[in-house]
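The values are calculated or read from the model by the stated rules, or taken from the named source; none is laboratory data. Since the model is a prediction, treat every value here as computed from it, not as a measurement. Ideal geometry is used to build each Cβ from the backbone, glycine not excepted, and the neighbour counts take in all protein chains shown.
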Amino acid sequence: MNEAILPLLGTGFLLGWSVAWPPGPINAEVARRCLASGFWAGFGVILGACTGDGVWAVLVALGIGVLLTSPALQLAMGIVSIALLLALAVLFLRGAWRSLTAPADAAPAPGKFDSHKASYLLGAGMALTSPWNVAFWLAAVGRPEIAKAGTPALLAMAAAVIAGALTWGVLWSTAVVLLHRRAPGRWWDVGVKALTAALMLYFAATSALRLWGGG
């Protein structure tokens, strides 16, 4: 392997880890799905999000990413992203209400929305519609000093970023599943759904402030 690529791989892995672990809508949804349907339902969101990130990384590495930074397109993507977060909040609040009003002896039953396929598609959708993902990849692999390494090196660095995010996803999903084994029950299910809904509303509000408030 070209020695010049090794520092890029290390930097990319650390960068992917550092942007994946902070609390956000994807981590919140991973936790909720792991609690509802197990490891793969939650980790599927990470896989989908990494696929979306891979699309942005390739576009930026090929020099197409700068075309996606127009204010109008950023606004449109931001609106779609906020709408998705609000829709998820409504969905989770409805789920919490249904769990609350269900018979006491009824076990929570995961719906189609919690399937592995739905997890993957949701993760990809959240990553592809986030205007801040474009900004991240432009900052990560679109800088002139990094671009000098050439497209293969940029793609290798992008792969390292995604590997870092996937590594965090494995650890986070596993930790949530282990936690769930210690705290099962109906009120746990209601609380998780309600809390996730509140988090989605918070993320939607902060996204709106960033989009229209210039924050």
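Taking the criterion of being hydroxyl-bearing (Ser, Thr, Tyr) and crowded, with 17+ Cβ neighbours inside 10 Å, the only residue of the stretch 1-49 that qualifies is SER37. In the stretch 36-56, the residues that are under 21 Å from LEU91 (Cα atoms) form Cβ pairs under 7 Å with partners that are crowded, with 19+ Cβ neighbours inside 10 Å and basic (Lys, Arg), at six or more places apart or across chains, as follows: ALA41/ARG33; GLY42/ARG33; VAL45/ARG33. All of ALA36, ALA57 fail the test of being at pLDDT below 85 and in contact with an Asp or Glu (Cβ under 8 Å, 6 or more places away or on another chain), apart from ALA36.
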